[in-house]
1. In units of 2.2 N^0.38 Å, what is the alpha-carbon radius of gyration of the stretch 60-117?
2. What do you get for the angle between helix 7-32 and the principal long axis of the chain? Use alpha-carbon atoms, 0 to 90 degrees, nearest ten.
3. Relative contact order of the stretch 590-677, please, whole-number percent, based on alpha carbon pairs below 8 angstrom and at least 6 residues apart.
4. State in Å² the accessible area per residue of the stretch 250-331; use a 1.4 Å probe, count heavy atoms of protein chains only, and round to the nearest integer.
5. Return the whole-Å distance between the Cα centroid of the stretch 166-229 and the Cα centroid of the stretch 278-300.
6. Taking only the alpha-carbon positions of the stretch 184-298 and ignoring solvent, what does the Debye formula give for the base-10 log of I(q)/I(0) at q = 0.12, 0.15, 0.17, 0.23 Å⁻¹?
7. Which of the aspartates and glutamates could a cross-linker span from residue 287 if the Cα-Cα distance has to be under 12 Å and same-chain partners fewer than 8 positions apart are dropped?
8. Using mean Cβ contacts within 10 Å as the protection proxy, how do 617-623, 179-185 order, highest first?
Amino acid sequence: MMFPKNTLALAVMAATVSLASTQVAFAEEVAEKENKAKSKPVLLKQVTVTATRAEKDHSDVVQSIEVIDQAEIEQQQASSVPELMEYLPNVSVTGGPRGSAQGINIRGLGGTRVLQVVDGARQNFSNGHRGTYFTDPELLKSVEVVKGPSSSLWGSGAIGGVVVQNTKDAQDLLEDGKTLGGYVSQGYHSNNSRSLTSGAVYGIQGDVDWLLNGYYNDGENYELGNGQDLENSGSREQGGMAKLGWDVNNDSRFEFKAQHLLYNGLVPSNPAANEGTSSPLVERDSKSSNLSAAWLFDPESELIDGKLQLFYNDTRYKEDRISQGQKDDTRYKTNGLALTNLSMVNTIELVYGLDAYQNKITTVRDTTGGASDSRPEGLDGQSTTMGSFIQGSMPLARDWTLQAGVRYDHFSSEDNRSNSDVTNKKQTDQALSPSVGVIWSANKWLTLTASYNEAFRAPGMEEMFSTGTHFSMGPFFKNEFVPNPDLKPEEAKNKELSARMEFNEILGGDELKLNASLFQNDVNNFINQITYDPQLVFGQLIDSKTTWINVEDAELKGFEIAGKYRIQNVEAGLSYGQTRGKDKSTGLALDNIPADKIVADLAYLAFQGDVKVGTRYTHVNDQNRVDPDNTVSQYEGYDLVDLYASYEPASGSLKGLKADFTIKNAADKYYRVAWQELYQPGRSYRLNLRYMF
């Protein structure tokens with residue numbers, strides 16, 4: 001099937017398909033109205049979030065939180081977790097198409113400035129041009145995206161936001177009354193001939209529930225919108241997860257989880273860049289293992305509803321630099337503890353707890369085939385953080401609620417190498433992160449919030465302690481790392497106003513939900529990697545240097561608005577996000593600020609909701625705010641159209657079957673996201689068949 005490269009034509013085509021489906025659906029619905037009983041779709045359903053460190057209704061939090069549920073995860077058929085978030089306002093995917101380099105940018109901040117949490121366990125891995133999102137979307141039941149600083153609850157790293165990933169468990173997958181179940185799933189992405197195979201079995205026997213889940217994905221090179229391949233973009237991923245829960249009694253429950261993920265691919269040493277002399281090919285094998293054990297204690301007491309969690313993360317990269325014959329080894333381990341409790345004291349709700357975790361990094365850089373000073377020196381360091389927090393929610397008056405909290409963190413980092421050039425081998429610091437917010441339920445359809453949050457990010461061990469050669473160009477020039485153990489923590493102060501509106505029965509049998517936010521985030525002591533140009537001194541070329549420094553203060557501000565509407569079986573969504581950033585000392589625009597983005601979605605549910613067809617349109621503006629005279633800093637806008645359909649019968653002989661079909665980038669656009677070197681994949685037909693039993 002060929003599609004014309006015309007956005008308007010595609011949108012009209014999608015609308016025509018939807019209208020045609022309407023006529024067929026009407027006849028079917030009349031015939032089966034008496035035989036099927038299925039609840040109507042509801043937009044304004046209650047959503048529970050865990051990013052608040054305790055389960056809370058989404059409408060009762062002052063933070064700006066987006067939730068991607070399991071139905072949307074399955075419909076998108078994303079290749080990675082970051083891709084699940086690409087349609088959210090003021091959120092963009094960084095690193096290009098290769099999953100081993102992808103991350104996300106929230107309101108102008110990305111990388112280690114966005115904290116990642118999986119099932120309550122922090123994911124702290126950070127090293128060079130290596131990816132940090134290891135969990136496959138297949139394992140997830142939801143993703144919660146907290147926009148804006150959140151250190152009062154989560155500590156270091158949450159100055160841009162938090163991505164909370166919640167994996168599947170037996171209770172969510174089993175139908176009422178069943179004690180054993182499972183599913184098998186097979187997917188295919190045409191663009192890179194990617195095969196995605198997965199399956200799970202799960203059950204509940206007495207007081208014990210369990211789940212076993214596994215997947216295997218294999219894909220070739222991506223094809224771009226101009227018909228050319230993105231060389232060395234294929235990869236193979238596989239992994240598994242096991243969960244066990246034991247309800248000891250009415251008060252106590254134990255939960256255990258083990259997750260093991262593998263990745264293999266031949267990629268440039270910087271997967272976010274094209275293959276070249278400065279980014280040689282690397283055979284990269286990575287392993288990520290996560291272990292977790294938790295005790296949940298909830299007696300019949302208003303004062304105790306607690307959780308004690310121990311977790312261990314072990315990420316290892318084995319890399320073979322093909323042309324140089326050099327084999328490198330990077331290992332990053334985290335041991336952590338998290339204790340939280342929820343107490344109700346009269347009308348005051350208190351969430352409080354302790355966090356403690358230690359990170360250890362070791363790297364081995366092979367110098368075979370070159371001089372000993374031609375590579376970065378191996379790292380051997382550790383960091384330790386201990387923090388405590390408390391957040392309270394209390395009614396101020398009728399329809400007014402105050403939420404306030406504070407967190408204290410003490411952290412240290414140490415270089416364990418005896419022969420390094422680092423003079424100050426141990427750094428210790430502390431941080432206080434307050435937050436305050438007010439929720440006003442103005443009436444039954446309008447809620448207004450105002451909040452202020454402070455956050456911080458402690459310098460990473462790589463930023464403070466890196467030594468050796470960064471890169472070289474021939475035998476006469478090289479760039480060397482200069483350590484800077486005296487880096488100060490980054491600090492953020494965010495002010496935000498938001499409005500949430502919910503309406504129903506406007507036209508009869510319809511619902512409307514609107515959210516709007518206005519924010520300003522001031523970041524001090526921004527840590528930036530600086531490369532100093534080489535200099536000619538007395539006829540000699542002096543090598544350049546690379547280091548990390550605290551730069552001038554930054555100001556990030558913007559707004560976002562999003563709405564969802566349903567009437568009968570038609571659903572529509574529209575969102576817009578805009579972020580601006582500047583250096584407050586010079587007034588110049590900052591880089592890495594995402595382009596303005598509009599996303600529109602239209603879908604129709606037919607056959608009592610068994611069938612859903614829709615289209616999604618994305619418009620991204622030009623991004624050239626850094627230097628209009630420099631074409632390198634100019635990124636052209638683009639328009640994308642996706643088409644999707646799903647089929648999931650609620651009864652009959654095909655019950656248990658689910659089919660999802662998506663045409664991503666249907667117009668086969670050749671485009672790239674702002675601040676990324678690589679262009680994105682062209683058109684891709686994606687199909688996934690899942691059978692649950």
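The values are calculated or read from the model by the stated rules, or taken from the named source; none is laboratory data. Here the structure is a predicted model, which is why all the values come from computation and not from measurement. Virtual Cβ from ideal backbone geometry, glycine too; neighbours counted across all protein chains shown. For accessibility, only protein heavy atoms count, side chains too; no ligands or nucleic acids. Shrake-Rupley method; radii C 1.70, N 1.55, O 1.52, S 1.80 Å.
1. 1.16
2. For helix 7-32, the angle is close to 30 degrees.
3. Working: 162 pairs, mean separation 22.6, N = 88.
Reported relative contact order: 26 percent.
4. On a per-residue basis, 49 Å².
5. A separation of 18 Å, based on Cα centres.
6. The Cα Debye sum returns log10 ratios of -0.62, -0.79, -0.90, -1.23.
7. Straight-distance partners of residue 287: 237, 314, 319, 329.
8. Per-residue mean Cβ counts within 10 Å order the peptides as 617-623, 179-185.
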